[in-house]
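Heads up, the thing below is written out as structure tokens.
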Amino acid sequence: MNTITQKKPPVHKHDVIIVGAGIAGLQAALQLAPHCDVAVVTKVYPVRSHSGAAQGGIAAVLASVEDDRLEWHHYDTIAGGDFLGDSEAVDVLVREADEVVNDLDRAGVPFSRTIGGGINQRILGGHTRNRGERPLARVCYAADRTGHAILTTLWEQCVKHNVRFYNEYYTLSLLISGNACGGIAAWDIQKGGLHLLHAKAVMLATGGYGRIFKTTTNSFANTGDAQAMVLRNGLCLQDVEFVQFHPTGLYDSGILITEGSRSDKGYLLNDDGKRFMANYAAELLELAPRYIVASAIQQEINAGRGINGKPHVYLDIREMGEAAIDEILPRTRESCIKFAGIDPVEQPIPVMPSAHYCMGGIPISLHGEVFADGKNEKMAGLYAAGECSCVSVHGANRLGGNSLMEAALFGKRAGVAIKAFVESNPRSPAITDDCVEEAVCELESIRNAQGKEKSAALREELQSLMTEKCGVFRNAADLHSLKTGLVSLKKRYKDIGIDDRSDIYNMDVLETLELGRMLDTASAVAESACARTESRGAHQRADFPQRDDKNWRKHSLIKFNGDEYVLDLKTVL
Ligand SMILES: Cc1cc2nc3c(=O)[nH]c(=O)nc-3n(C[C@H](O)[C@H](O)[C@H](O)COP(=O)(O)OP(=O)(O)OC[C@H]3O[C@@H](n4cnc5c(N)ncnc54)[C@H](O)[C@@H]3O)c2cc1C
């Protein structure tokens, strides 16, 4: 067999490269397109980005259906995040949210309307009137297709403004020399071949890492690539132990059943036919913050009250009636019928907690600048926004509707900051041969790999391990065995074998590249989860059941120094 080599990859030059075509990436691209040459690199076709799967909605204080205040949204976000969110960042989120919704409305997002023609708003868990008095309608929506509506509208606008798209290009690595980022290396999935893209600034908007878990609501693309790229460059990740488990994933695929289906006419039942949420959140019941509902379901399952002994409970929405279900939850009904063979108009839906959202990620400033040390020092020309980043609005747990807003709002802010950066830094930083060489070597070693391990099998082992040992409830023994398991998987990864040597849509190569990054990101999650000896928000330690503000009201920062993972802490602002 011939060895595959590609020594001199073609170089493409742009002012700005954005990696990721979800809501965060496209919002930034739209800020930049009128002013400079911006290119978006995405491993899936833009409208297939995970943002398109968001159903529930996007949170903003519009008060279009009932009285609402910025300070209530601020309070709910901080309290829902179990007091780990940065107040400064939350302040920006709540203050600028209405402008973002109005911009999206003007750009053509078909929001559901009130009878009077305003943007309609719905209740999602954790959003309350007057600091917890009762649930409040604060979340704007487009039926249960909100993410799809926003994503397709932004994409159309990008096409209109001549944004250059590199569709189905997989970004392998950042081209960083010294303390500046000057581009990326990317693999053309459609045709094969490595490409170098040089720019004055690079923005990461690659989404979350839900796919490191077996049961997840996330799309296949959410493998934590940028988080791993950052770790590989010696930079750190913040608060990655906080992974939100959505309470209602469809059993057993994990597909999301939106929180919009939980209400006074949509409730949870255990095997005894009892509505059990009253035992866990007497006031807010099914609409309590997600980590409370997810841990309640998990406790019912652990106590043997899963339906017929299986690891799921029921979500019963039959009381809503067919007309209401078809009007506000059409996609939910369709998913239940297609993926579980159950029509929720007639039968209760089997649900279980499913890995859903990553609160932690690449630490950034309020303008999307990536902190090289996680705290003060910035990496010149490197930006991030959306779920791959951590500006820390969600703290230890995010509220429904707050992450579409975070992606749209901080994506826009990053775009504005990048525009100013490229205006004052008209030249791209020099790219050294070393960082190019690294990407070329990794790719060649994988394309020629002839070891005995298969990436599909290793991926499954990784996902099962993460779900089993780092799920809704965690403890020291499980986390230590997870760390040992990950070391062994990383070792076996070095003995990987590839069967497909072709160039066109080589999924074997792509999935192997992804797996290497998933292992790095998963290790950072495991290390941080092991270090945090308290229960806070989505991080529930069975062996440390209390929140420990004295020692742990701190952000975790984890980095890889080449030999081991090193943890640092950062003050909550
Ligand atoms: C099922 C589901 C429902 C949700 N519902 C809601 C909701 O109702 N309200 C809410 O506020 N939030 C919701 N969320 C969360 C929210 O949708 C996401 O946090 C948000 O959309 C993330 O946007 P993003 O732009 O950061 O990333 P994504 O939309 O995930 O986009 C990531 C992009 O990065 C690209 N990419 C990744 N890796 C690479 C690589 N190596 N090279 C090149 N490109 C790459 C992908 O191709 C993609 O274009 C939901 C999430 C899920 C999973």
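The values are calculated or read from the model by the stated rules, or taken from the named source; none is laboratory data. Just so it is clear, the model here is predicted, and its values are computed rather than measured. All Cβ positions, glycine included, derive from the backbone under ideal geometry; neighbour counts span all protein chains shown.
The table below gives the values:
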{"quantity": "Subset of segment 447-476 (residues that are at pLDDT 95 or above, assigned to a helix (DSSP H, G or I) and in contact with a helix residue (DSSP H, G or I) (Cβ under 9 Å, 6 or more places away or on another chain))", "calculated": "S455, A456, L458, R459, E461, L462, Q463, L465, M466, K469, A476"}
{"quantity": "Failed item, numbered, when R69 is tested on (1) more than 15 Å from A385 (Cα to Cα); (2) away from the ligand (no atom under 15 Å from the Cβ); (3) crowded, with 20+ Cβ neighbours inside 10 Å", "calculated": "(3)"}
{"quantity": "Residue that is within 16 Å of the ligand (Cβ to nearest atom) and within 17 Å of G208 (Cβ to Cβ), where the choices are A29, A53", "calculated": "A53"}
{"quantity": "Identity of the residue in segment 224-267, within 15 Å of the chain's Cα centre (by Cα), under 14 Å from I362 (Cα atoms) and among the polar types (S, T, N, Q), that ends up farthest from the ligand (Cβ to nearest atom)", "calculated": "Q238"}
{"quantity": "Tally, over segment 32-49, of residues that are of a type in the set (S, T, Y) and either touching a Pro at 6+ places or on another chain (Cβ under 7 Å) or more than 6 Å from the ligand (Cβ to nearest atom) (or both)", "calculated": "1"}
{"quantity": "Residues that are part of a loop (DSSP other than H, G, I, E, B) and away from the ligand (no atom under 16 Å from the Cβ), drawn from segment 365-395", "calculated": "S365, L366, H367, A372, D373, G374, K375, N376, E377"}
{"quantity": "Qualifying residue in segment 81-91 (condition: free of Cβ contacts under 8 Å to residues at least 40 places away in the same chain and in a helix (DSSP H, G or I))", "calculated": "yes"}
{"quantity": "Output for segment 446-472, where each listed residue is polar (S, T, N, Q) and surrounded by 19 or more Cβ atoms within 10 Å (Cβ to Cβ)", "calculated": "S455, Q463, T467"}
{"quantity": "Residue match in segment 272-283 (condition: crowded, with 24+ Cβ neighbours inside 10 Å, of a type in the set (D, E, K, R) and under 30 Å from D86 (Cβ atoms))", "calculated": "no"}
{"quantity": "The lone exception for L329 - which of (1) crowded, with 21+ Cβ neighbours inside 10 Å; (2) over 29 Å from the mean Cα position of the chain (by Cα) it fails", "calculated": "(2)"}
{"quantity": "Odd one out for A54, checked against (1) more than 30 Å from N425 (Cα to Cα); (2) surrounded by fewer than 21 Cβ atoms within 10 Å (Cβ to Cβ)", "calculated": "(2)"}
{"quantity": "First in segment 170-185 and on the phi > 0 side of the Ramachandran plot, second anywhere and within 15 Å of the ligand (Cβ to nearest atom), Cβ under 6 Å, 6 or more apart", "calculated": "G183/L175; G183/L197; G183/A199"}
{"quantity": "The one condition in (1) surrounded by fewer than 21 Cβ atoms within 10 Å (Cβ to Cβ); (2) more than 26 Å from S535 (Cβ to Cβ); (3) under 24 Å from the mean Cα position of the chain (by Cα) that V61 fails to fulfil", "calculated": "(1)"}
{"quantity": "Condition broken by S261, with the remaining ones in (1) farther than 24 Å from D76 by Cβ; (2) buried (at least 21 other Cβ atoms within 10 Å of the Cβ); (3) among the small types (G, A, S) satisfied", "calculated": "(1)"}
{"quantity": "Residue list for segment 526-573, restricted to those being assigned to a strand (DSSP E or B), surrounded by 14 or more Cβ atoms within 10 Å (Cβ to Cβ) and not hydrophobic (A, V, I, L, M, F, W, C)", "calculated": "R536, H539, Q540, R541, K554, H555, S556, K559, Y565, D568, K570"}
{"quantity": "Test set (1) surrounded by fewer than 18 Cβ atoms within 10 Å (Cβ to Cβ); (2) on the phi < 0 side of the Ramachandran plot; (3) of a type outside the set (S, T, Y) - D76 fails condition number", "calculated": "(1)"}
{"quantity": "Verdict on T223 being part of a strand (DSSP E or B), of a type in the set (S, T, N, Q), buried (at least 23 other Cβ atoms within 10 Å of the Cβ) and touching a residue at least 12 places away in the same chain (Cβ under 8 Å)", "calculated": "no"}
{"quantity": "Subset of segment 137-166 that is touching a helix residue (DSSP H, G or I) at 6+ places or on another chain (Cβ under 7 Å) and either among the acidic types (D, E) or in a strand (DSSP E or B) (or both) - its residue that is surrounded by the most Cβ atoms within 10 Å (Cβ to Cβ)", "calculated": "R138"}
{"quantity": "Index of the failed condition, A63 passing every other in (1) modelled with pLDDT of 95 or more; (2) within 15 Å of the ligand (Cβ to nearest atom); (3) of a type in the set (G, A, S); (4) within 28 Å of H246 (Cα to Cα)", "calculated": "(2)"}
{"quantity": "Residues that are farther than 30 Å from E534 by Cβ and either basic (K, R) or without any contact (Cβ under 8 Å) to a residue 24 or more places away in the chain (or both), drawn from segment 441-483", "calculated": "C441, S445, R447, K452, K454, A457, R459"}
